[in-house]
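Since the structure comes first, as structure tokens, the remarks are kept for the end.
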Amino acid sequence: MEVHAHSHTPRNKWTHYFWEFLMLFLAVFCGFLAEYQLEHKIEKDREKQFIKSLVADLQDDEKILSTMTTSEQFGIASLDTLMDLLNNPAMAKQNGDQLYYVARMGPRYIPFANNSRTFDQLKFSGGFRLIRSLDASNKIMDYYNQFSLLRLLESNYNQEFDNYKIIAAKILDPAILRRQETEKGVILRSPDNPALRTYDTELLKELGFHTLQMNGSRRSKLFILESLKKGAEELMLYLINKYHLE
């Protein structure tokens, strides 16, 4: 009986499997590194875009703050004049045109509507995680946190203005107030020294008290506005230098 020898397939050495594993591992690892680098670059680009947008918002804030600072200074000066006139009935009778003008223009103010679209997007969409610099993140938060105090001052002022109008209605003649307005809503001085409805000392002093309160609030507001304007300028300069923006 003829015996046939069985053929044997030579086994691969363990080093063969090791190299196969190593090559597969390197391929996966290199793919991971490439994906990580790409994601890192995308996040870095998004961070820079957010900063550019934030700088543009700060530029808008700076312009508005400059306008508001000038407006507050005018309002404070007008309220100062109004208090002087209300404190002296004789002067009030001789300067009716001035009194009516500052009584209308002094209390007027512009509510601050800052451009916070980028900050809101960063805050509510989790975008702050893209700001890698803790110092930059803190400076941004510090700037925008100042607005809460400004809103509080505006709210207090609105209440003081409401109180002022209740007493002013007893002293100022509405026909003269209407005559002061042009078709475009501009307030002009009356040229004929118009009279008040009353020169009662107690009523004039009561209006002067409310004027004093509003004046104090506007002085506090002016301080905050000047601080915000300086803060906007410093934050812009910091971000431009930090992120090498042109």
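The values are calculated or read from the model by the stated rules, or taken from the named source; none is laboratory data. All of these numbers come straight from a predicted model, not from anything done at the bench. Quick reminder, even Gly has a Cβ in these numbers, built from the backbone with ideal geometry, and neighbours come from all protein chains shown.
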- Residue list for region 111-143, filter: modelled with pLDDT of 90 or more and in contact with an Asp or Glu (Cβ under 9 Å, 6 or more places away or on another chain): 139, 143
- Item | Matching residues in region 188-200 - criterion: being of a type in the set (A, V, I, L, M, F, W, C) and either in contact with a Phe, Trp or Tyr (Cβ under 6 Å, 6 or more places away or on another chain) or surrounded by 15 or more Cβ atoms within 10 Å (Cβ to Cβ) (or both) | 196
- Out of all the residues in region 90-120, which are surrounded by fewer than 16 Cβ atoms within 10 Å (Cβ to Cβ), within 14 Å of the chain's Cα centre (by Cα) and part of a helix (DSSP H, G or I)? 117, 120
- Pick from region 201-242, criterion among the aromatic types (Phe, Trp, Tyr) and farther than 27 Å from residue 93 by Cα, ranking: surrounded by the most Cβ atoms within 10 Å (Cβ to Cβ): 238
- Query: Does residue 151 satisfy the criteria of being outside any loop (DSSP other than H, G, I, E, B) and more than 28 Å from residue 69 (Cα to Cα)?
  - Reply: no
- Task: Considering every residue within region 29-44, establish whether at least one is of a type in the set (S, T, N, Q), surrounded by fewer than 16 Cβ atoms within 10 Å (Cβ to Cβ) and modelled with pLDDT under 90.
- Result: yes
- Looking only at region 84-129, which residues are touching a residue at least 24 places away in the same chain (Cβ under 8 Å), within 18 Å of residue 194 (Cα to Cα) and hydrophobic (A, V, I, L, M, F, W, C)? 86, 92, 99, 102, 103, 105
- Query: From the set of residues in region 47-89 that are under 19 Å from the mean Cα position of the chain (by Cα) and of a type in the set (Lys, Arg), which is farthest from residue 122 (Cα to Cα)?
  - Reply: 63
- Task: Please state which one of 175, 136 is hydrophobic (A, V, I, L, M, F, W, C), in a helix (DSSP H, G or I) and loosely packed, with under 13 Cβ neighbours inside 10 Å.
- Result: 175
- Note on the structure: The number of residues in region 195-218 that are in a helix (DSSP H, G or I), free of Cβ contacts under 8 Å to residues at least 60 places away in the same chain and closer than 15 Å to residue 85 by Cβ is 4
